[in-house]
Each structure stands twice: as C-alpha cells, then as structure tokens.
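Note sheet for the following structure.
The values are calculated or read from the model by the stated rules, or taken from the named source; none is laboratory data. Source: prediction; values computed, not measured. Backbone-built Cβ (ideal geometry, glycine too); neighbour counts: all protein chains shown. For accessibility, only protein heavy atoms count, side chains too; no ligands or nucleic acids. Shrake-Rupley method; radii C 1.70, N 1.55, O 1.52, S 1.80 Å.
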Amino acid sequence: IKKPVHPSFNFRHIAMSAKPKTSIETPSLVVRPISVGAVNWIGTSTLYVKEVMRFLKVPVQTLFGPAMTATLFMMVFAVAVGERISLGNFDNFIQFLAPGLIMMAVLQNAFANTSSSLTSAKVQGNIVDLLMPPLGPNEIICALLGGTVTRGVLTALICVVTFSLFSAIIMPPHFLIACGFLIAGSLAMGFAGIIAGIWARKFDQLSAITSFVIQPLAFLSGTFYSVHRLPEPFDLIAQINPVFMVIDGFRYGMTGVADGNILVSAAVLTILNILLFICCYIILATGFRLKS
C-alpha cells in the first residue's frame with residue numbers, strides 16, 4: 001500500500017538538493033547601471049584623449065600647416081612692407097605682426113577642432129558614440145575644449161619656434177598674460193566651434209561659417225595693422241571685436257604694447273566664455289540637432 005504524499009511535499013526541492021554544489025557561485029544580484037560618481041573622470045579623460053589623438057593623427061594638416069601659412073604671411077608682408085611703416089614702440093613691423101599671426105592661427109584651429117569633430121561625427125553617423133556613454137553635457141564640453149586648448153597651445157609653440165628663426169619673437173615681458181589670452185581665445189573659439197558643429201548638417205554649411213564669419217573676424221581684428229589707423233567710427237567698431245581683444249591681449253603679453261585696454265578685454269572675454277558655456281550646455285542637454 002502506497003502511502004499518500006503530503007500536498008506540501010516538494011519534489012523539486014529534493015532534486016535541487018541532490019545536485020552537487022559547484023565551487024563557483026553566480027551572484028544573485030547585479031546592480032546596473034554602474035555608478036560613476038558626480039563626475040565621470042574616466043569617460044571625460046577618454047574623450048579628451050580621443051580628441052587629441054584625432055588631430056595628432058594628421059599633424060601636417062592640423063599643426064604644421066597653420067604654422068606654414070602664418071610663416072608665408074610673415075614673409076610676404078616683410079618683403080612688401082619691411083621698414084616702411086612706423087609703429088611707435090616696435091622696432092620693426094615683423095615684431096608687431098608675429099603675435100597677431102600666431103593668434104590668428106590658434107583661433108582658426110581652435111574653431112576647426114570642435115566644429116569638425118562634431119560635424120564629421122554627425123555626417124558619418126557615429127555621433128551615438130558620444131551620446132550613449134554616461135557623459136553629461138558639462139563633461140562632453142570639458143573634454144572637447146581640453147582637446148581644443150591642447151591643439152591651440154601646440155600650434156602656438158610651433159609658430160613661436162618658427163618665427164624665432166626670423167628674429168620676430170622677443171622675450172615676452174608678460175608671459176602669463178600671453179598664456180591667459182591664448183587659453184581664453186582658444187576656449188571662445190572652441191565654444192563657437194561646438195555651436196557651429198551642432199548647427200551644421202553638412203560640411204558645406206560649416207565651410208560657409210568659416211568663410212563668412214570666422215575668417216573676416218580674424219583678418220579685420222588688427223592682425224596686420226593697428227586699429228588706431230582706421231578712420232572713425234571703424235576704429236571703435238574694430239575694438240569691440242572679441243577676436244581683436246584676444247589678439248591685442250596676446251600681443252601685449254608678447255611685446256608689452258597694446259592698442260586697447262587689457263583689463264576690459266580680459267573681463268569681456270571671461271563673460272563671453274561663461275555665456276558661450278551656458279549656451280553649449282543647453283544645446284547639448286536638449287539634444288538639439290543631435291538626437292533627432
């Protein structure tokens with residue numbers, strides 16, 4: 001006579017208890033997503049290295065090309081103008097021209113670095129590699145601008161070494177001021193490059209911004225002449241150009257002579273960079289032309 005099985009009797013429990021226990025036990029709980037803290041330092045540094053390696057892959061185009069262009073400008077103006085122009089405190093026209101050419105090369109490269117990075121990512125379809133990782137808008141901005149400032153500083157160093165061969169660079173009397181305006185100008189153009197890169201849907205639109213906005217601002221900013229030589233009211237209009245403030249401040253740091261007020265230029269550039277940062281943060285946070 002078979003004994004009745006109690007309803008609460010669990011055959012599965014017996015079968016599981018009969019299985020031999022393995023030495024490796026699978027954790028019962030996996031916590032995702034993994035916490036990265038208040039700031040994703042690993043992700044930010046990785047994106048920064050990626051941006052630096054991106055322009056270091058083609059140094060002839062990104063670093064030595066702008067230096068060669070600036071050197072050609074100097075040689076042409078040195079032959080065409082020479083010592084025919086008197087610029088007051090400057091011994092020759094070359095010493096006046098060199099800081100402006102350096103900053104012009106830096107600013108154009110700073111804008112091209114961030115704008116081309118974002119535009120190429122959108123055109124090639126790999127912008128998701130920037131949006132999917134756990135990176136906030138502020139971390140993306142810091143990484144992109146870190147690469148921009150690095151490219152700007154390297155461009156300036158190459159130009160300084162090249163111009164030193166022509167005795168166009170003297171010992172900077174205010175080295176820290178020159179570095180401050182170099183970084184401030186690179187940041188401003190980096191922010192502008194982020195906005196332009198997000199707005200542009202293709203390289204033709206980005207090229208139009210470079211040709212009709214960036215280059216005119218650079219060439220009409222006192223790079224090749226003193227703004228005091230301009231007739232009124234164009235001299236005042238030129239002095240409110242942010243690119244003029246960057247070039248004039250850098251020239252003051254390199255030579256000790258400036259056309260405008262250095263303190264006013266520093267204050268305006270600081271406020272401008274803060275406003276551009278807020279604008280870039282809002283654009284990245286909302287995903288304008290990035291997530292659609």
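Out of all the residues in the stretch 117-136, which are open to solvent by 30 Å² or more (accessible area, probe 1.4 Å) and in contact with a Phe, Trp or Tyr (Cβ under 8 Å, 6 or more places away or on another chain)? It would help to see each step written out before you state the result.
Pass one, the stretch 117-136, residues open to solvent by 30 Å² or more (accessible area, probe 1.4 Å): 122-126, 128-129, 131-135.
Listed by number, the list holds a single entry, Val123.
Go through the stretch 137-162 and count every residue that is within 28 Å of Ala70 (Cα to Cα) and either without any contact (Cβ under 8 Å) to a residue 60 or more places away in the chain or open to solvent by less than 30 Å² (accessible area, probe 1.4 Å) (or both). Give the steps one after another, and end with the answer.
Here is the first cut: in the stretch 137-162, the residues within 28 Å of Ala70 (Cα to Cα) are 143-162.
Still in the list and also either without any contact (Cβ under 8 Å) to a residue 60 or more places away in the chain or open to solvent by less than 30 Å² (accessible area, probe 1.4 Å) (or both): 143-149, 151-153, 155-157, 159-161.
So the answer is 16.
For the stretch 217-241, give me each residue that is within 20 Å of Ala196 (Cβ to Cβ) and open to solvent by less than 50 Å² (accessible area, probe 1.4 Å).
Residues of the stretch 217-241 within 20 Å of Ala196 (Cβ to Cβ): 217-221, 241.
Passing the criteria: Ala218, Ser221, Asn241.
Within the stretch 263-279, identify whether any single residue is small (Gly, Ala, Ser), surrounded by fewer than 19 Cβ atoms within 10 Å (Cβ to Cβ) and within 16 Å of Ala112 (Cβ to Cβ), and answer yes or no.
The initial filter retains those residues of the stretch 263-279 that are small (Gly, Ala, Ser), namely 265-267.
Next, only the ones that are surrounded by fewer than 19 Cβ atoms within 10 Å (Cβ to Cβ) stay: 266-267.
Then drop every residue that is not within 16 Å of Ala112 (Cβ to Cβ), which leaves none.
Scanning the stretch 263-279 turns up no residue that is small (Gly, Ala, Ser), surrounded by fewer than 19 Cβ atoms within 10 Å (Cβ to Cβ) and within 16 Å of Ala112 (Cβ to Cβ).
Could you tell me which numbered condition Phe166 fails, if it satisfies all but one of (1) more than 20 Å from Met68 (Cβ to Cβ); (2) modelled with pLDDT under 90; (3) of a type in the set (A, V, I, L, M, F, W, C)?
With (1) more than 20 Å from Met68 (Cβ to Cβ); (2) modelled with pLDDT under 90; (3) of a type in the set (A, V, I, L, M, F, W, C) applied to Phe166, the lone miss is (1).
Go through the stretch 234-292 and give me each residue that's free of Cβ contacts under 8 Å to residues at least 60 places away in the same chain, hydrophobic (A, V, I, L, M, F, W, C) and not in a helix (DSSP H, G or I).
Within the stretch 234-292, Ile240, Ala258 meet the criteria.
Got a number for residues in the stretch 162-213 being in a helix (DSSP H, G or I) and either in contact with a helix residue (DSSP H, G or I) (Cβ under 8 Å, 6 or more places away or on another chain) or basic (Lys, Arg) (or both)?
Going residue by residue through the stretch 162-213, those that are in a helix (DSSP H, G or I) are 162-164, 175-199, 203-213.
Now drop any that are not either in contact with a helix residue (DSSP H, G or I) (Cβ under 8 Å, 6 or more places away or on another chain) or basic (Lys, Arg) (or both), which leaves 162-163, 175-199, 203, 205-206, 209-210.
Count: 32.
With a cut-off of at least 1 residues that are under 18 Å from Phe219 (Cα atoms), name the helices (runs of 4 or more DSSP H) lying wholly within the stretch 42-156.
Details: elements: 65-80, 93-124, 128-131.
Per the criteria, 65-80, 93-124.
Return yes or no: is Ile209 crowded, with 18+ Cβ neighbours inside 10 Å and closer than 15 Å to Leu107 by Cβ?
On the way: crowded, with 18+ Cβ neighbours inside 10 Å: yes; closer than 15 Å to Leu107 by Cβ: yes.
In short, yes.
So, in the stretch 27-61, of the ones that are at pLDDT 85 or above, among the aliphatic types (A, V, I, L, M) and open to solvent by less than 100 Å² (accessible area, probe 1.4 Å), which residue ends up farthest from Asn109 (Cα to Cα)?
As a first pass, look at the stretch 27-61 and keep what is at pLDDT 85 or above: 39-61.
Those left that are additionally among the aliphatic types (A, V, I, L, M): 39, 42, 47, 49, 52-53, 56, 58, 60.
Next, from what is left, pick out any that are open to solvent by less than 100 Å² (accessible area, probe 1.4 Å): 39, 47, 49, 52-53, 56, 58.
Details: Val39: 28, Leu47: 19, Val49: 18, Val52: 13, Met53: 15, Leu56: 13, Val58: 13 Å.
The qualifying residue farthest from Asn109 (Cα to Cα) is Val39.
Considering only residues that are of a type in the set (A, V, I, L, M, F, W, C) and surrounded by 18 or more Cβ atoms within 10 Å (Cβ to Cβ), which ones fall in the stretch 165-182?
Our first condition is that a residue be of a type in the set (A, V, I, L, M, F, W, C); within the stretch 165-182, this holds for 165-166, 168-171, 175-179, 181-182.
Answer for the stretch 165-182, where residues must be of a type in the set (A, V, I, L, M, F, W, C) and surrounded by 18 or more Cβ atoms within 10 Å (Cβ to Cβ): Ala168, Ile169, Ile177, Ala178, Phe181, Leu182.
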